[in-house]
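Colleague: I have a structure here, written as structure tokens, and I will follow up with some questions on it.
Derivation of every value follows stated rules applied to the coordinates shown; laboratory data play no part. Predicted model, so just to flag it, every value in this text is computed and none were measured. Backbone-built Cβ (ideal geometry, glycine too); neighbour counts: all protein chains shown.
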Amino acid sequence: MQNISEILQSEFNKINAKFKTITITHLPELHTELLTWLHDGLISKKFYEQNYGQFIFHPPSTLPDASSVVIIGIPQKVTRIEFFYNNIRYETVIPPTYRFSQIRATCKEILTTVLGSKGYAVERAILPMKLLAVKSGLGKYGRNNICYVDGLGSYTRLETFYTNYSFPTDNWGEKQLMKACTSCTLCRQACPTHCIPDDRILIHADQCLTYFNENLEEFPASVPPDSHNALIGCMYCQTVCPQNKKHFTYEPVTITFTEEETTCLLENLPRENLPENLIKKLKNLDLFEDYLELPRNLRVLLNKQHNSS
Ligand code: SF4
Ligand code: SF4
């Protein structure tokens, strides 16, 4: 008869996902690690507050007896999107990780079905998933600070959940850099903002294009205008990475934004004034919350393609 870990393994195998488990006793260590980065000046206060400020390093009140955290890595494809504007077709992408709803729901369903049938509960954990994944051994850091899940590359969505089941295995360990990175600098060479250093593992995250296009301020001069390559986020350091060669795939369907929808996006309309069909499309892409950044991001992409044609 299979134990709970084996049943979960076989269920996650069906969606090609991998998982590790840790005990919640390590959560203060996770928090301390992030605070150390801040205190050592490896990340700025602004970056810490914007990117790590939302994490909660203890179980929710709805699951006070949680004893384990499950961290899951699921392969995810690149989403291709097209915009029509002034009778011209523009194409761009949304990198893996931005679309989360469906994957999160699937993971929760698997965990709830397996653990629930044994009398245990499951709740989502709002934790620094990348750091947790590398500390649990689910993956390793690339030189680009992206988590490479063993056997799946970096095109993966991570999800974390609490449960009050105490897994027999505590996968906690030291974070590691991929071996392949010791003799490779391709991502550093490809990075348009030169934010991947050669003297430390942490990138200069507040110089990364992703940081800029996930924020509302105008792009600084350090971001070359022709570097924009996705509606949000940046793909350069992952697409050049040899460790991703066999994992790069697109979603089969390209999502289309009509002339009218593109025009609406570019107009910076308040969220509540967007047409229903556009709201639906953005929600489907899990980008409705990021809506405010999109007009500016789209504008620079259209300009780039227009200037190069
Ligand atoms: S491109 Fe090279 S250095 Fe960068 S993450 Fe991939 S293997 Fe590591
Ligand atoms: S996401 Fe883009 S800007 Fe950020 S490190 Fe990778 S290549 Fe550089």
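Colleague: Angle between the Cα long axis of helix 4-13 and the longest principal axis of the chain, 0 to 90 degrees, nearest 10?
Modeller: Between the helix axis and the principal axis of the chain, the angle is about 20 degrees.
Colleague: I would also like to ask the following. Which far-off residues, 5 or more places away or on another chain, put their amide H under 5 Å from the one on residue 68, with H placed in the peptide plane?
Modeller: 24, 163, 165
Colleague: Which aspartates and glutamates does residue 118 reach when only Cα atoms under 19 Å apart count, and residues fewer than 8 places away in its own chain are ignored?
Modeller: 6, 11, 65, 109
Colleague: May I ask for the angle, rounded to the nearest 10°, between helix 101-116 and the longest principal axis of the chain, with both axes built from Cα atoms and the value confined to 0 to 90°?
Modeller: Once rounded, one gets 10 degrees.
Colleague: Looking at the range 120-186, which GluC sites (Glu not before Pro) are DSSP coil and have at most 12 other C-beta atoms within 10 Å of their C-beta?
Modeller: Sparse-neighbourhood loop GluC sites (Glu not before Pro): 174.
Colleague: Could you tell me the relative contact order of the range 4-308? Use alpha-carbon pairs under 8 Å, at least six residues apart, and round to a whole percent. Don't jump to the answer; show the numbers that get you there.
Modeller: On the way: 494 pairs, mean separation 68.0, N = 305.
Once divided by the residue count of the range 4-308, the mean separation gives 22 percent.
Colleague: Further question on the same structure: Could you work out the relative contact order of the range 1-115, using alpha carbon pairs under 8 angstrom and six or more residues apart, expressed as a whole percent? Write down the numbers at each step before the final one.
Modeller: Values: 86 pairs, mean separation 36.1, N = 115.
Across the range 1-115, relative contact order equals 31 percent.
Colleague: Same structure, new question: Between residue 170 and residue 58, what length comes free when the chain is fully extended (0.36 nm per residue of separation minus the Cα-Cα distance, one decimal in nm)?
Modeller: That pair, residue 170 and residue 58, stretches by 38.6 nm at full extension.
Colleague: Per residue of the chain, what 222 nm ellipticity follows from adding -39500 (n - 2.57) for every DSSP H run with n ≥ 4, rounded to the nearest 500? List each step's numbers first, then the result.
Modeller: Working: 11 runs with 100 residues, N = 309.
Theoretical 222 nm ellipticity from helices: -9000 deg cm²/dmol.
Colleague: Between residue 105 and residue 216, what FRET efficiency comes out of the Förster formula 1/(1 + (r/R0)^6) with R0 = 30 Å and r the beta carbon distance, rounded to 0.05?
Modeller: Efficiency computed from Cβ-Cβ geometry: 0.55.
Colleague: Nearest 10 degrees is fine. How inclined is helix 294-308 to the longest principal axis of the chain, computing both from alpha carbons?
Modeller: Approximately 50 degrees, to the nearest ten.
Colleague: Could you tell me the calculated FRET efficiency between residue 255 and residue 306, based on Cβ-Cβ distance and R0 = 25 angstrom, to the nearest 0.05?
Modeller: Efficiency, from the Cβ-Cβ distance: 0.75.
Colleague: Give me 299, 89, 188 ranked fewest to most by other Cβ atoms within 10 Å of their Cβ, as a rough exposure proxy.
Modeller: Taking fewest neighbouring Cβ atoms as first place, the list is 89, 299, 188.
Colleague: Would you please state the base-10 log of I(q)/I(0) at q = 0.14 1/Å for the chain, with intensities from the Debye formula using one equal scatterer on every alpha carbon?
Modeller: These q points yield log10 I(q)/I(0) values of -1.17.
Colleague: About its Cα centre, how strong a charge dipole does the chain have in debye, to the nearest 20, once Lys and Arg get +1 and Asp and Glu get -1 at the Cβ?
Modeller: It works out to roughly 840 debye.
Colleague: On to the next question. Kindly flag which residue pairs out of 46/246; 18/245; 46/175; 281/304; 130/283 have an alpha-carbon separation exceeding 31 Å in this structure.
Modeller: 46/246
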